[in-house]
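Written below as structure tokens is the structure these notes are about.
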């Protein structure tokens, strides 16, 4: 999971960022609403913790903008010292999925992050998935086409499953690296492009088979469902 935190309190920012760094998740930190907005325009994120009052753009303004403008907005959690019920209602009506009154323990905030992510993903995908001609076993990382097992490496399977699980959702290069490789390589930047090329070829991803991976220039990739196929399960 990729998590962003925006707060103009550097001490709190590092405290929460350090707690997230201690988990298996990736964390991006921002000191202003302007920085966070720029990030969300160019990157993919799962959960955002945003302070209500920040320079440049308030957390409430960002939530309203993101939920109305982004194709797949992340789950927003508003962090604030405001505890009045009318403020809570205002934050939730703006599009936030949760509201945390500061100060709060790291354990509670981490639990809220996990809950927010589950809320948008309804418990996560099941082990087996069916995508038109393709079958996916998310545990063994086996992918089939028309019942025939395909010969993929672990990373190729991880990448293919990530695309199937995020159909029609643009994924940034950094997000894909974080989800599949656990980091953002600086030198081997062509690693992703090579893996995309291989799964396109091995899975024969083309419009007549129902799915195709598109390049989102300057951003990353997106897998589209191109023709009517059997529903995923």
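The values are calculated or read from the model by the stated rules, or taken from the named source; none is laboratory data. Owing to the predicted nature of the structure, the values given are computational and were not obtained by experimental measurement. Because the Cβ atoms are built from the backbone with ideal geometry, glycine has one as well, and the counts that use them run over all protein chains shown.
Considering (1) in the same structural domain as residue 13 (by TED's automatic domain parsing); (2) surrounded by 18 or more Cβ atoms within 10 Å (Cβ to Cβ); (3) modelled with pLDDT under 85, the lone condition that residue 60 does not fulfil carries the number (3).
Test residue 96 against the stated conditions and say whether it is within 29 Å of residue 18 (Cβ to Cβ) and in a loop (DSSP other than H, G, I, E, B).
yes
Being at pLDDT below 85 and surrounded by fewer than 19 Cβ atoms within 10 Å (Cβ to Cβ) is not true of residue 41.
In the range 64-81, what residues are surrounded by 17 or more Cβ atoms within 10 Å (Cβ to Cβ) and more than 19 Å from residue 43 (Cα to Cα)? Lay out the reasoning, then the answer.
Initial filter on the range 64-81 (surrounded by 17 or more Cβ atoms within 10 Å (Cβ to Cβ)): 65-66, 73-80.
78, 79, 80, listed by residue number.
Annotation note: Cβ proximity below 8 Å between a residue of the range 84-101 that is assigned by TED's automatic domain parsing to the domain that holds residue 114 and a residue that is in a helix (DSSP H, G or I) and loosely packed, with under 14 Cβ neighbours inside 10 Å (sequence gap 6+ or interchain) occurs for 95/68; 97/119; 97/120; 100/108.
Please specify each residue of the range 140-152 satisfying the condition of being touching a residue at least 12 places away in the same chain (Cβ under 8 Å) and within 25 Å of the chain's Cα centre (by Cα). Working first, answer last.
Of all residues in the range 140-152, those touching a residue at least 12 places away in the same chain (Cβ under 8 Å) come to 141-143, 145-147, 150-152.
Once the filter is applied, which keeps residues that are touching a residue at least 12 places away in the same chain (Cβ under 8 Å) and within 25 Å of the chain's Cα centre (by Cα), the range 140-152 yields 141, 142, 143, 152.
What are the residues in the range 67-90 that are under 30 Å from residue 167 (Cβ atoms) and at pLDDT 80 or above, if any? Spell out the reasoning first.
Of the range 67-90, the ones under 30 Å from residue 167 (Cβ atoms) are 67-78.
Residues satisfying the conditions are 67, 68, 69, 70, 73, 74, 75, 76, 77, 78.
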